[in-house]
Amino acid sequence: MNESSYWLLRCENRIFAMDSQSPATLFPCAQAADFGSPAGALLVGEWQGRRCYAADVASAPAHLAGDWRTLRALFGQGGGEAFALAGRATQLLDWQNNHRFCGRCATPTIVRDGEPAMCCPRCGLLAYPRISPAVMVLISRGNELLLARSPNFRPGVFSALAGFVEAGETLEQCAVREVREEVGLEITNLRYFHSQSWPFPNSLMLAFFADYAGGVITPQASEIEAADWFAVDALPDLPDQLSIARQLIDAWCRERGGQGAS
C-alpha cells in the first residue's frame with residue numbers, strides 16, 4: 001500500500017467523499033500513511049484504474065476538503081458504480097468487524113491470504129462475508145400492479161413485495177411463500193428480472209415478475225401496512241431510482257405503456 005490508491009474511509013456508517021463535481025475524484029487518492037495507516041484496511045476493488053481500499057477511521061482527514069455521505073447520497077453524487085463500490089466496502093468492513101473472534105472456539109481470527117475469509121488459527125474455521133438472498137416479486141393483474149408498503153418506508157411510498165430466502169428453500173418457493181404470507185395471494189408465471197447487491201446491510205436482491213392467480217388481499221399485520229392494486233397510469237409514490245424495486249416497476253410500465261413510472 002505504498003503507492004497512491006483510492007480510499008473509502010468510513011466513520012459511523014458514512015463514507016468520506018471529496019468536494020468534487022466529478023465522480024472520478026469522488027474518493028480521496030493518497031498513500032496509506034496520509035491517513036495514519038489505518039488498521040484493518042481491506043482491498044475492495046478498483047476505482048478509476050487504481051486499487052481501492054476501505055478502512056474504518058475515527059475522524060475525517062484534516063487535509064482534505066469533503067464530508068461524510070450516506071450510501072444513498074453517494075449514488076446521487078457518483079452514480080451506480082460508486083454506490084456499488086461503497087456498498088461492497090461497507091459489507092466487507094462489517095464482516096471483518098463482526099468476525100474478529102472464532103465462532104467455534106473464540107480464538108482471535110486473522111484475514112486469510114488470497115481470499116475474503118476470516119480464519120481461526122487454532123481450529124481452522126473460516127468465516128466468509130455474509131450474503132443474505134432475498135426475493136422480490138412484482139405481481140400484475142391485467143394493467144394493474146400489486147404494490148404494498150412496509151411501516152419502515154418513507155410516508156406514502158409503495159413497492160413490490162420482498163422477503164428473505166429461508167434455509168432449504170428455492171427462490172421460486174420463497175416467492176410463492178412470501179406473497180402468500182404477506183398479502184394472502186397466489187401467483188403464477190414467475191419470471192426472473194435482475195439481481196442487485198443491496199448493502200442494507202448485506203442483501204442480494206433477486207427480482208421477479210409474476211401474474212396474479214387468485215385470492216383476496218389480506219395484509220400481514222406485522223409486515224404490511226397497506227396493499228392494493230394500482231393502475232399503470234395511477235401509481236403511488238415509488239422507491240428511489242437506485243433500487244431494483246424501482247427498476248422492476250419501471251420495466252413493467254415500459255412494457256405496458258412505453259415509458260417508465262413517473
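The values are calculated or read from the model by the stated rules, or taken from the named source; none is laboratory data. These figures come from a predicted structure and were not determined experimentally. Methodologically, a virtual Cβ is constructed for each residue, glycine included, from the backbone with ideal geometry; neighbour enumeration extends over all protein chains shown. Just the protein is used for accessible areas: all its heavy atoms, side chains included, with ligands, DNA and RNA removed. Shrake-Rupley method; radii C 1.70, N 1.55, O 1.52, S 1.80 Å.
Observations on the structure shown:
- Once C-alpha pairs closer than 8 Å and six or more residues apart are averaged by separation and normalised to the residue number of the chain, the relative contact order reads 14 percent.
- Charged neighbours of ALA86, selected by a Cβ distance under 12 Å, balance to +4 (K, R count +1; D, E count -1).
- For MET136, solvent-accessible area (1.4 Å; no DNA, RNA or ligand), Å²: 20
- In region 132-260, the alpha-carbon atoms span a convex hull of 102 Å³ per residue.
- Region 132-260: relative contact order in percent, alpha carbon pairs under 8 Å with at least 6 residues between: 32
- Between 0 and 90°, nearest 10: helix 171-183 axis offset from the chain longest Cα axis: 60
- Stokes-Einstein translational diffusion, region 1-114 - Kirkwood Rh over all Cα pairs, 0.890 mPa s, 25 °C, in µm²/s: 168
- Accessible surface of the chain [probe 1.4 Å, protein heavy atoms]: carbon and sulfur percent: 49
- Rounded to the nearest 20 debye, dipole of region 132-260 from Cβ charges on Lys, Arg, Asp, Glu: 240
- Average accessible area per residue (Å²) across region 132-260 - probe 1.4 Å, nucleic acids and ligands excluded: 47
- Hydrodynamic radius (Kirkwood) for region 112-207, which is based on Cα pairs only, to one decimal in Å: 15.6
- Helix 71-98 and the longest principal axis of the Cα set of the chain meet at an angle near 70°.
- Gyration tensor over alpha-carbon atoms, the chain, equivalent ellipsoid semi-axes in Å: 39, 24, 14
- Computed over protein heavy atoms with a 1.4 angstrom probe, the accessible surface ordering of ILE217, ILE15, largest first, is ILE217, ILE15.
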